[in-house]
Amino acid sequence: MSKFLDKPASDTLYRAIILLQTEEECRNFLQDLCTVSELKAMEQRYEVARMLDRGMIYSDILAETSASSATISRVNRCLTGGTGGYERAFAKVDAEEKK
């Protein structure tokens with residue numbers, strides 16, 4: 001169970017997200033739901049997570065993404081002690097790309 005947002009409204013949001021069927025539907029929904037800066041922050045965290053997962057070091061990630069060291073550290077903590085969400089997403093994206 002997540003320490004964040006464990007309530008019916010959260011469940012409804014997560015259900016809405018998984019019911020979206022295309023990248024375009026997801027993009028449109030997230031653009032309506034989030035501010036530009038929120039979306040950019042999420043995109044940057046995902047990019048940082050991918051780089052960390054591939055073994056890149058902090059200084060290279062800093063140079064390539066302009067992410068702060070605090071963001072890189074936070075993402076790394078989630079990769080090493082989080083819920084496994086990043087890893088599951090990576091596996092699904094990788095499997096889809098291999099098709």
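The values are calculated or read from the model by the stated rules, or taken from the named source; none is laboratory data. It should be emphasised that the depicted structure is a prediction, and the values quoted were computed from it without experimental measurement. Positions of Cβ are backbone-derived with ideal geometry, glycine not excepted, and every protein chain shown enters the neighbour counts.
Taken over region 59-81, the criterion of being surrounded by 15 or more Cβ atoms within 10 Å (Cβ to Cβ) and outside any helix (DSSP H, G or I) is satisfied by Ala67 alone.
Taking the criterion of being at pLDDT below 95 and in a loop (DSSP other than H, G, I, E, B), the residues of region 6-20 that qualify are Asp6, Lys7.
Applying the criterion of being free of Cβ contacts under 8 Å to residues at least 24 places away in the same chain and not aliphatic (A, V, I, L, M) to the residues of region 30-45, the residue that is farthest from Thr80 (Cα to Cα) is Asp32. Only one entry in Arg45, Arg77 is out of contact with any Lys or Arg (no Cβ under 6 Å at 6 or more places or on another chain) and over 16 Å from Val93 (Cβ atoms), namely Arg77.
Apart from one condition, Met56 fits all of (1) assigned to a helix (DSSP H, G or I); (2) farther than 24 Å from Glu23 by Cα; the exception is (1).
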